[in-house]
1. Mind checking which residues of segment 62-107 are over 14 Å from Lys32 (Cα atoms) and surrounded by 13 or more Cβ atoms within 10 Å (Cβ to Cβ)?
2. Cβ-Cβ below 8 Å, separation at least six or inter-chain, first residue in segment 40-61 and over 23 Å from Leu89 (Cβ atoms), second open to solvent by 50 Å² or more (accessible area, probe 1.4 Å): which pairs?
3. Grab the helices (runs of 4 or more DSSP H) fully contained in segment 29-113, keeping just those with 2 or more residues being within 18 Å of the chain's Cα centre (by Cα).
Amino acid sequence: MTLASATVDFPNGLSARCRVARKISSPAYLAKLTRPRLTDVLLRERLFRRLDDRRHSVIWISGPPGAGKTTLVSSYLAERGIRHLWYQLDAGDGDTRTFFHYLGLGVRNAALR
């Protein structure tokens, strides 16, 4: 859910702006903020144990394209049942307004779960 602004015009000539809740279903929103649902994935328990190490509040995972970074993280979150906010960065996020717009939608979406 997100809030959208709307203008309501009344028969007496007055108008009012209001904010209404609406469900966003645009493909860009869904692609950026939805964790991939995977099937038939080899669970990487050794790497899961490394991710379970709570000495660090942030973990950076890097590797070449196709190395399994997304698969690892998505399967880890699903297997462990961890509450999360999934945000997939792309070139459009170079624009600060776009980045914070989608990040805000992601935070609201995560808070509703």
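1. Gly68, Lys69, Thr71, Leu72, Val73, Ser75, Tyr76, Leu77, Ala78, Glu79 - these are the residues of segment 62-107 that are over 14 Å from Lys32 (Cα atoms) and surrounded by 13 or more Cβ atoms within 10 Å (Cβ to Cβ).
2. Sorted first by the residue in segment 40-61, then by its partner, the pairs are Leu43/Glu79; Phe48/Glu79; Phe48/Arg80; Asp52/Arg80.
3. 69-80, 96-112
The values are calculated or read from the model by the stated rules, or taken from the named source; none is laboratory data. Quick caveat: nothing in here was measured; it's all calculated off a predicted structure. Quick reminder, even Gly has a Cβ in these numbers, built from the backbone with ideal geometry, and neighbours come from all protein chains shown. The accessibility values were calculated without ligands, DNA or RNA, using every heavy atom of the protein model including side chains. Shrake-Rupley method; radii C 1.70, N 1.55, O 1.52, S 1.80 Å.
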